[in-house]
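The values are calculated or read from the model by the stated rules, or taken from the named source; none is laboratory data. Just so you know, these numbers come straight off a predicted model, no measurement behind them. Don't worry about glycine lacking a Cβ; one is built from the backbone with ideal geometry, like all the others, and counts go over all protein chains shown.
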Amino acid sequence: MSDRPEQTPDAGGPPPQLELIERLRGEAEAALAAAASSRELEQLRLRYLGRKAELPQLLREVASLAPEQRGAVGKAANQARQALEALLAARARELAAAELQAQLEADRVDVTLPGAPPAPIGRAHLLSSTRRELEDVFLGLGFTVLEGPEIETVHYNFDALNHSPTHPARARTDTFYVRPPDGVQRSGGEELVLRTHTSPMQIRAMEAHPPPLYVVIPGRVYRPDSDATHTPQFHQIEGLAVDEDITLADLKGTLLVFARELFGEQRDVRLRPHFFPFTEPSVEVDVSCFQCRRGFMRDGSRCPLCKGEGWLEVLGAGEVDPNVYAHVPTTAANAPGYDPERVQGYAWGMGIERIAMLKHRIPDLRLYYDNDLRFLEQF
Amino acid sequence: MRVPLPWLREYCDPALEVGAIEERLTMTGTKVEAVLHHGVPSAEGFVVGRVLSAEPHPDADRLKVCAVELGLADGPATIVCGAPNVAAGQTVAVALPGAVMPDGTTLKRARLRGVASEGMILAEHELQLDAGPSPGIMVLDGTALAAASVSASSSQMDDDAPPPGELAPGAPLAALLPIASDVLELEITPNRPDCLGVYGVARELHAATGAALAPAPWLRDPGSAGPVAGAAVTVECPELCPRFTARAFEHVTVAPSPPWLKARLSAAGQRPINNVVDITNYAMLLTGQPLHAFDLDRVAGGGAQPGGPGQPGAVGRLTVRRARDGEQLQTLDGHTRTLDREMVVIDDAEGPTSIAAIMGGARSEVHAGTSRVLMEVACWSGPNVHRTSWALGLRSEASSRFEKGLQPEQCMHAQAIASRLMVELCGATLVPGTIDVAGSDGAGWTPPPPTTLRLREARLRAILGVSVERSRQAEILAALDFASTPAADGLDVTVPALRRGDVTREIDLIEEVARIDGLERLPATLPARRGAAGRLSHAQRVRRRAEDALVGRGLHEIVGWSFAAPELLERLQVPPQHPLHGVVELENPLSDAQSIMRPTLLGSLLDAARHNVSRGHGDVAIFESGTVYRLEQGEPGEPGAAPPAGARADGRPRAEPGIREHHGLGVLLSGRIAPRSWRATPASADFFAAKALLAALLEHFHLSWWVTPGEAPFLHPGRSAAVLALPAAGGERAGRAPAAADGAGQPPPAAEPLLLGLLGELHPLVAERWELERAAGFLIDLGQLAAAAPAELTFSAFGAFPVLNQDLAVTLPIEVPAERLLGGVRRAGGEMLDRASVFDVYEGEQVGDGRRSLALALSFRSLERTLTDEDVEPVRARILAAVQELGGELRG
């Protein structure tokens, strides 16, 4: 550059500022391109475009230049500024993107660590969830859920359910009796028991509501047995439907719905004649085994669940015995009452423990009442 | 009841395998619980043999080497036998090598002291004909075969039945004796005492399969009517003994029964004793009717000399009478029983000898030397037998049959069977005549007129939902021994004697037709369900949602025992006069530890917590939703006190007077309230952890609730509270708040608050008794919760403008409860103050002794505009004034 002739303003050549502008622009463009961070970029903005920087300074001084120089210098300076601003913005975007990328990279976590704070998982007890499942099947069929007292009178638990006065279930070996509370006068000194089934609520339901009546009655019941297959308390759900025309075939259809809802679409039910004091005809109801085909597994072995029977005994049922209606007094609450020549219906009752046991292969009844978390967590 | 299949087939033999018979019986109401097997697994390899010679073993004193003709081509077999009674000329039972014995072992050729033995000559117990050990081998001759022929022909229509089997050597043994029987284990329902005998089951099988039924085995009766020489019976209580029959036998030889009889009894589960006793058991198993054999000489007073001959020819007299109150009697089992006048005893010449229908006495038992037998067959009142048996705690095969109600006709069925067998098996002479006492005049028994019932075809169809042809109905009924004649709208059906206890109404006939016609035929239909609308009640929905809310918060539901130990209350430190001591007690608990009904859920929660902690699961968050039982007593206002008499808030019918059942919801937390985390240390279960959970639960239901300091003996005295709520609009008032509740901070008493329950940390001593470090929880009455939970919710306007949030830190005397401060703040804040809550608490030097700082988060709102700080300044000033009234000041 030293051999280039010195230009002077009065030489009539281009004003010297143009060269400066060109130099500043080149210098700034190189610096911006080389900037490595937003911070550095900001420093460069201050240096080249800040209030005290040369280029803005030049622009401010354009007015004081000779008139013939103003146009060229002003134009060049403006162009340079705009070009630098555009470059600066572009670089800012580039750097922000790069920095975000770096930040995201730095934010990377071990996604396989457990969530925190931990949200503990709770579970309903299997007996509760099974009870609800059963309730829901019958709610869907239009039944109402009723519940009754667990401490019952002998009247409701036995007499009104057509149990003969000498029925063996009344014995102290088969029924828990409750010590009468002191000072409570009871008409006729009637004895109190822990209900041995949910059936007493059949009578209470009919006393309280006129026909037609469609109810299910879940609840806790008691019998003094304790071994691998009996616990002194267990749970039942009872169904009662009384209308003008409810048949044994209706019982079969209702229980078929239950069997399919609980144990699968392919299930079938069969009714076997049996005896219960409060139903006539009485039946026991079997559901076709859901683990095998007619008692045998695929490998030809005998099914461990149904013991090769092909059927699982699930509940007792029948048409309500006419004698039971005779134990329901007609009152304002249930008028016109339950005349056995005018109403008929069915009743059934099943053990909730047994249903859950079959469905979930529970090996031992006592697991229900141990309340071991390792059991509770499984359902 | 056990019915050996060969015995059953003697009366009804459908051409069906055991599996098909099982299915038919089960599907018509006689459930086959199991098919058992009695005797050898297979009859293969068991044959008849004839002993040709029996020589002493050269090298063993007790063994004999026998040549036994087995009908084999290569001549007699050599069999070594150790029985003392083996002798040439005997016909015996032989097991050949390869035969499988009842215990599953396969017989092999063996050398016994150097002599090869090609089989085994069998003793009775080796075939499970008797319990054993038998004194010697079984000899198949004389009585054994004669009796077998008698037994088989007893069911045949004529006396010329062919003999049951061949005695030729080599003939299969099974043709002669039931050595391999399938045995049906039947469940006989209590309404069917007629099926307690083999013939009754045969009739069921006949009806179920259509296979022919042989005539009843009791139709041929060698006996006669009229008085019996040498015996007399008086019945003083005919109301408890509708019929008493007896026959006498002389020249009786008491001896073991023949193999066929032992085989039948053993297969039926009855141990053979001697021929006379076995005959009573056989007749009972066949007819269902129990019998009792007396030694007639001892009845007559010959029992004073044990083993003596008695006084032949003396008249034996039995008297049936009610016992005297307090009368004592020693029964066969050696126990002395104290009787009352509802029990019936039978006297002989020397006083009471047995408890009627239940157990005989030792004095007049048949024994080895008995030569005269009085065979008693009587009918007793079922309920009375049941009562006596229950009162004495004494049950027998006979009592369990009588209490089901046998019919008087059955007495003579059993007499006929027994008479024939006594003559044929015991060489006895049947004394002419039959004692037959019935009615108050002691005259003979006359059957009541049969019952005839109308079976309407329309009714049958209405009950079953399917019709059955009238001719088919008649056919089914006939197979079951019911006679029927056509009537205008159905059939007139006559009930047979043996069914009169069970079939008394049209519906009973419908059941008979339905079960035999086949319930498989029923279509599957659904009832009309007129007016049915399945929906849970409010209380039921509240309960489900409460349970779900807790499960959603990470709690596990438990199901505890309703039973508790009386010591539970002591362990919970409940003082004697506390209302919780009003517990429901059982008269006949399984054990002391289960002798009361739980008055609180806390016991089962603590038990479950300890169970899990002791198994290494130290963090426990559990709840139970279940019934709690208390006597109705106690002052209103006591936690757990009874609500006023009346309908239950949760819609459940009331338990009996004097007893209150309520559905409780109990929560117990112990250990950390959340799993350990790599990011934060979870808090441990304390009062506030439990309260946070309670708040989550109650606010789920939009309850207006609060707590006041309250005490319960099992809770930490400084960390326990009563939980109160306002009843839902229109809800029932089912309880009262404690009178001592702190008035300040409580919403205006628009309605009496409901006492929902208790909240707190467990008393450390109580926690220690269950081996827990610290535990907290709450107990809520779900009926009360349902009463406080609104069934319907209505919209409340919140406006379009943002809220203005401000914080306020104040210092107060430490005694001022937070709830009181908040109450004052809320009242002062008025409508503009939307919410106020405590978000920080500080005690320490900076606020000085006896004071603490509470930081409140306030949020203001207006339905009209966006609020500014200037807008709320006057309200904030009023709030500050309220704070100052409580002794508080703005914290600088």
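Take the residues in the stretch B:590-632 that are closer than 13 Å to B:Glu661 by Cβ and aliphatic (A, V, I, L, M); name whichever of them is nearest to the chain's Cα centre (by Cα).
Looking at the filtered set, the residue picked out is B:Met597.
Can you work out which of the residues in the stretch A:347-379 that are assigned to a loop (DSSP other than H, G, I, E, B) and of a type in the set (A, V, I, L, M, F, W, C) is farthest from the chain's Cα centre (by Cα)?
In the first step, residues of the stretch A:347-379 are kept if they are assigned to a loop (DSSP other than H, G, I, E, B); the result is A:361-366, A:371-372, A:377-379.
Filter once more, so that each one left must be of a type in the set (A, V, I, L, M, F, W, C): A:362, A:365, A:379.
On the way: A:Ile362: 23, A:Leu365: 26, A:Phe379: 12 Å.
Once the filter is applied, the top-ranked residue is A:Leu365.
For a quick check of your reading: which strands (runs of 3 or more DSSP E) sit entirely within the stretch B:480-588 and have at least 3 residues that are at the interface with another protein chain (Cβ under 7 Å from one of its Cβ atoms) and in contact (Cβ under 8 Å) with a residue 60 or more places away in the chain?
Values: elements: B:483-487, B:490-494, B:556-558.
Result: B:556-558.
Residue check: is A:Phe158 within 12 Å of chain B (Cβ to nearest Cβ) and buried (at least 18 other Cβ atoms within 10 Å of the Cβ)?
On the way: within 12 Å of chain B (Cβ to nearest Cβ): no; buried (at least 18 other Cβ atoms within 10 Å of the Cβ): yes.
No; evaluated as a whole, the condition is false for this residue.
Could you grab me the full set of residues in the stretch B:27-64 that are of a type in the set (Gly, Ala, Ser) and either over 30 Å from B:Leu519 (Cα atoms) or in a loop (DSSP other than H, G, I, E, B) (or both)?
B:Gly29, B:Gly39, B:Ser42, B:Ala43, B:Gly45, B:Gly49, B:Ser53, B:Ala54, B:Ala60
What do you reckon, is A:Pro212 within 7 Å of chain B (Cβ to nearest Cβ) and either farther than 30 Å from B:Arg679 by Cβ or buried (at least 19 other Cβ atoms within 10 Å of the Cβ) (or both)?
Numbers: within 7 Å of chain B (Cβ to nearest Cβ): yes; either farther than 30 Å from B:Arg679 by Cβ or buried (at least 19 other Cβ atoms within 10 Å of the Cβ) (or both): yes.
Answer is yes for this residue.
Among the residues of the stretch B:338-367, what is the count of those that are part of a loop (DSSP other than H, G, I, E, B) and among the charged types (D, E, K, R)? Please lay out each step first, then the result.
First, the residues of the stretch B:338-367 that are part of a loop (DSSP other than H, G, I, E, B): B:339-343, B:349-350, B:356-358, B:360-364, B:366-367.
Narrowing further to those that are among the charged types (D, E, K, R): B:340-342, B:350, B:363.
So the count comes out to 5.
Criterion first (within 30 Å of B:Glu185 (Cα to Cα), at pLDDT below 95, in contact with a strand residue (DSSP E or B) (Cβ under 7 Å, 6 or more places away or on another chain) and assigned to a helix (DSSP H, G or I)) does B:Arg203 satisfy it?
Values: within 30 Å of B:Glu185 (Cα to Cα): yes; at pLDDT below 95: no; in contact with a strand residue (DSSP E or B) (Cβ under 7 Å, 6 or more places away or on another chain): yes; assigned to a helix (DSSP H, G or I): yes.
So B:Arg203 fails the test.
Residues B:Val65, B:Val51, B:Val35: which one is among the aliphatic types (A, V, I, L, M) and within 53 Å of the chain's Cα centre (by Cα)?
On the way: B:Val65 fails: within 53 Å of the chain's Cα centre (by Cα); B:Val51 fails: within 53 Å of the chain's Cα centre (by Cα).
When all the criteria are applied, what remains is B:Val35.
Only one of these conditions is not met by A:Arg374: (1) more than 9 Å from chain B (Cβ to nearest Cβ); (2) of a type in the set (D, E, K, R); (3) within 30 Å of B:Gly618 (Cβ to Cβ). Which number is it?
Only one criterion is unmet by A:Arg374, namely (1).
List, please: which pairs have Cβ atoms under 7 Å, are six or more places apart or on different chains, and start with a residue in the stretch B:605-624 that is facing another protein chain (nearest Cβ under 8 Å) and end with one that is part of a loop (DSSP other than H, G, I, E, B) and of a type in the set (A, V, I, L, M, F, W, C)?
B:Ala621/B:Leu555; B:Ala621/B:Ile673; B:Ile622/B:Leu555
Going through B:Gly666, B:Gly640 one at a time, which residue ends up being modelled with pLDDT under 90 and surrounded by 19 or more Cβ atoms within 10 Å (Cβ to Cβ)?
Working: B:Gly666 fails: modelled with pLDDT under 90.
Testing whether each residue is modelled with pLDDT under 90 and surrounded by 19 or more Cβ atoms within 10 Å (Cβ to Cβ) leaves just B:Gly640.
I need the full set of residues from the stretch A:233-251 which are within 7 Å of chain B (Cβ to nearest Cβ) and surrounded by fewer than 19 Cβ atoms within 10 Å (Cβ to Cβ), in order please.
Step one: of the stretch A:233-251, the residues within 7 Å of chain B (Cβ to nearest Cβ) are A:233, A:241, A:243, A:245-250.
The answer is A:Asp245, and nothing else.
Only one of these conditions is not met by A:Tyr177: (1) touching a strand residue (DSSP E or B) at 6+ places or on another chain (Cβ under 6 Å); (2) surrounded by 23 or more Cβ atoms within 10 Å (Cβ to Cβ); (3) of a type in the set (Ser, Thr, Tyr). Which number is it?
Failed condition: (2).
Tell me whether the stretch B:372-387 contains one or more residues that are crowded, with 21+ Cβ neighbours inside 10 Å, free of Cβ contacts under 8 Å to residues at least 40 places away in the same chain and not aromatic (Phe, Trp, Tyr). Walk me through how you get there before you give the answer.
Of the residues in the stretch B:372-387, the ones crowded, with 21+ Cβ neighbours inside 10 Å are B:372-381, B:384-386.
Right, trim to free of Cβ contacts under 8 Å to residues at least 40 places away in the same chain and you get B:385-386.
Right, trim to not aromatic (Phe, Trp, Tyr) and you get B:385-386.
Yes: one or more hits.
Restricting the first residue to the stretch A:340-355 and requiring it to be at the interface with another protein chain (Cβ under 10 Å from one of its Cβ atoms) and in contact (Cβ under 8 Å) with a residue 40 or more places away in the chain, which pairs with a second residue that is assigned to a helix (DSSP H, G or I) and among the β-branched types (Val, Ile, Thr) meet a Cβ separation below 8 Å and a spacing of at least six or different chains?
A:Gln344/B:Ile463; A:Tyr346/A:Thr254
Restricting attention to the stretch A:108-131, which residues are more than 7 Å from every other protein chain (Cβ to nearest Cβ) and not in a loop (DSSP other than H, G, I, E, B)?
A:Leu126, A:Ser129, A:Thr130, A:Arg131, listed by residue number.
Report, by residue number, each residue of the stretch A:9-32 that is in contact with a Leu (Cβ under 8 Å, 6 or more places away or on another chain) and within 26 Å of A:Ala92 (Cβ to Cβ). Write out each step before concluding.
Step one: of the stretch A:9-32, the residues in contact with a Leu (Cβ under 8 Å, 6 or more places away or on another chain) are A:15, A:17, A:20-21, A:24-25, A:28-29, A:31-32.
Correct list: A:Leu20, A:Ile21, A:Leu24, A:Arg25, A:Ala28, A:Glu29, A:Ala31, A:Leu32.
Please enumerate the residues belonging to the stretch B:680-701 that are surrounded by fewer than 17 Cβ atoms within 10 Å (Cβ to Cβ), within 14 Å of another protein chain (Cβ to nearest Cβ) and closer than 12 Å to B:Gly760 by Cα.
B:Ala692
Quick one: A:Ala333 ticks every box in (1) part of a helix (DSSP H, G or I); (2) within 14 Å of another protein chain (Cβ to nearest Cβ) except a single one, so which number is it?
Every condition holds for A:Ala333 apart from (1).
Among A:Pro168, A:Pro200, which is more than 9 Å from chain B (Cβ to nearest Cβ) and either closer than 16 Å to A:Glu238 by Cα or modelled with pLDDT under 95 (or both)? So that I can check it myself, show each step before the final result.
Working: A:Pro168 fails: more than 9 Å from chain B (Cβ to nearest Cβ).
Answer to the selection: A:Pro200.
With the condition kept exactly as written, say whether any residue in the stretch B:691-707 is of a type in the set (Ser, Thr, Tyr), at pLDDT below 90 and under 25 Å from B:Arg545 (Cβ atoms).
Kept after step one, since they are of a type in the set (Ser, Thr, Tyr), are these residues of the stretch B:691-707: B:704.
From what's left, at pLDDT below 90: B:704.
This time we only want the ones that are under 25 Å from B:Arg545 (Cβ atoms), so: B:704.
Yes, there is a match, as at least one residue in the stretch B:691-707 is of a type in the set (Ser, Thr, Tyr), at pLDDT below 90 and under 25 Å from B:Arg545 (Cβ atoms).
In the stretch A:178-191, which residue that is within 26 Å of A:Glu238 (Cβ to Cβ) and more than 41 Å from the chain's Cα centre (by Cα) is modelled with the highest pLDDT? Break it down stepwise before answering.
Step one: filter the stretch A:178-191 for residues within 26 Å of A:Glu238 (Cβ to Cβ), giving A:178, A:186, A:190-191.
Still in the list and also more than 41 Å from the chain's Cα centre (by Cα): A:186, A:190-191.
On the way: A:Arg186: 52, A:Glu190: 80, A:Glu191: 89.
The selected residue is A:Glu191.
How do the pairs read when you match residues in the stretch A:319-337 that are more than 22 Å from A:Pro277 (Cα to Cα) with residues anywhere that are aliphatic (A, V, I, L, M) and part of a loop (DSSP other than H, G, I, E, B), using Cβ under 8 Å and keeping only pairs 6 or more apart or on different chains?
Going by the 8 Å Cβ cut-off, the qualifying pairs are A:Asn334/A:Val328.
Report the residue count in the stretch A:252-288 for those that are of a type in the set (S, T, N, Q) and at the interface with chain B (Cβ under 7 Å from one of its Cβ atoms). First the steps, then the outcome.
Of all residues in the stretch A:252-288, those of a type in the set (S, T, N, Q) come to A:254, A:266, A:279, A:282, A:288.
Filter once more, so that each one left must be at the interface with chain B (Cβ under 7 Å from one of its Cβ atoms): A:254.
Qualifying residue count, the stretch A:252-288: 1.
Can you name every residue in the stretch B:801-823 that is in contact (Cβ under 8 Å) with a residue 12 or more places away in the chain and part of a loop (DSSP other than H, G, I, E, B)?
B:Phe801, B:Pro802, B:Val803, B:Ile814, B:Val816, B:Pro817, listed by residue number.
Anything in the stretch B:437-465 that is in a strand (DSSP E or B) and either at pLDDT below 95 or of a type in the set (Ser, Thr, Tyr) (or both)? List them, or say none.
Filtering the stretch B:437-465 down to residues in a strand (DSSP E or B) leaves B:437, B:452-456.
Listed by number, the residues that qualify are B:Val437, B:Thr452.
For residues that are farther than 23 Å from B:Pro599 by Cα, crowded, with 20+ Cβ neighbours inside 10 Å and among the aliphatic types (A, V, I, L, M), scanning just the stretch B:708-735, find the one that is modelled with the lowest pLDDT.
B:Ala728
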